[in-house]
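Only one structure is covered here, and it is reproduced in the block below.
What follows is calculated from the coordinates using simple rules that are stated; it is not laboratory data. Computed from a prediction, not measured in an experiment: that's the story for all the values here. Here the Cβ positions follow ideal geometry from the backbone for every residue, glycine too, while neighbour counts run over all protein chains shown.
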Amino acid sequence: MAFDFKKEYKEFYMPANTPAVVTVPKINYIAVRGKGDPNEEGGAYKQAIGVLYAVAYTLKMSYKTEYKIKGFFEYVVPPLEGFWWQDGAGSIDYADKSSFHWISAIRLPDFVTQTHFDWAVMQATKKKKLDCSMAEFLTVDEGLCVQIMHHGSFDDEPKTIAIMDAFLSEHGYVNDMDDRRLHHEIYLSDARKVAPEKWKTVIRHPIRKA
């Protein structure tokens, strides 16, 4: 599927305030894996974000260097995303943030290959003086999912998820999360600049027919 945010944005990045079923195409990401409280100052999650953006902007600005990517066109870096889970938990316990496992990610344009990615990791490490070796080229095939726009703090997500679950029950679907198909969030607000009550987050869960 072509990387065309003008075409895809409404369907995959601006869902309604009510649940909707979507089929998500296979997508490539810059990704960093980790564990622990994402709010910890100087913690692994904050470090991961720095690595992601270092690699993302190295790729975005590659056209200004001698390194040329076939099929490249100028684009806006997509929003930050996150895949989340906890060991042995059928659902997310928001009160126990220290037990979170996460994959923090930024979507890649389709023209970026593993070779281009590897170049960007080396360049970012050299130019930014930041070890970006933890970054990986990750392909995710989510397939059939339910998603909704959540408004407000992350700690208030259970209320929105309850609405999603009720929708699934009414329409003959069930959640289908496992070690590959995960609770997925897409962050459309800059938490550093926007008050929590105004945050917008896409929540996406993998599903199957009941």
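Things to note:
- Across the stretch 1-87, the convex hull enclosing all Cα atoms gives 155 Å³ per residue.
- Choice from R107, R180, R192 with maximal GNM fluctuation in the chain (Cα, 10 Å cutoff): R192
- Helix-only [θ]222 nm of the chain, DSSP H runs n ≥ 4, -39500 (n - 2.57) each, per residue, nearest 500: -7500 deg cm²/dmol
- Listed cross-link partners K10/K128; K35/K159; K26/K127 are compared with a 26 Å cut-off, the Cα-Cα value being larger for K10/K128; K26/K127.
- The alpha carbon radius of gyration of the stretch 27-139, expressed as a multiple of 2.2 N^0.38 Å, is 1.14.
- What you get for the chain, charging only the Cβ of Lys and Arg (+1) and of Asp and Glu (-1), is a dipole of about 960 debye around the Cα centre.
- Taking the charge dipole of the chain about its Cα centre, with +1 at Lys and Arg Cβ atoms and -1 at Asp and Glu Cβ atoms, the residue from I186, A135, S62 reaching farthest to the positive side is S62.
- For the peptides 66-73, 142-149, the ranking by packing is 142-149, 66-73, with the highest mean count of neighbouring Cβ atoms within 10 Å listed first.
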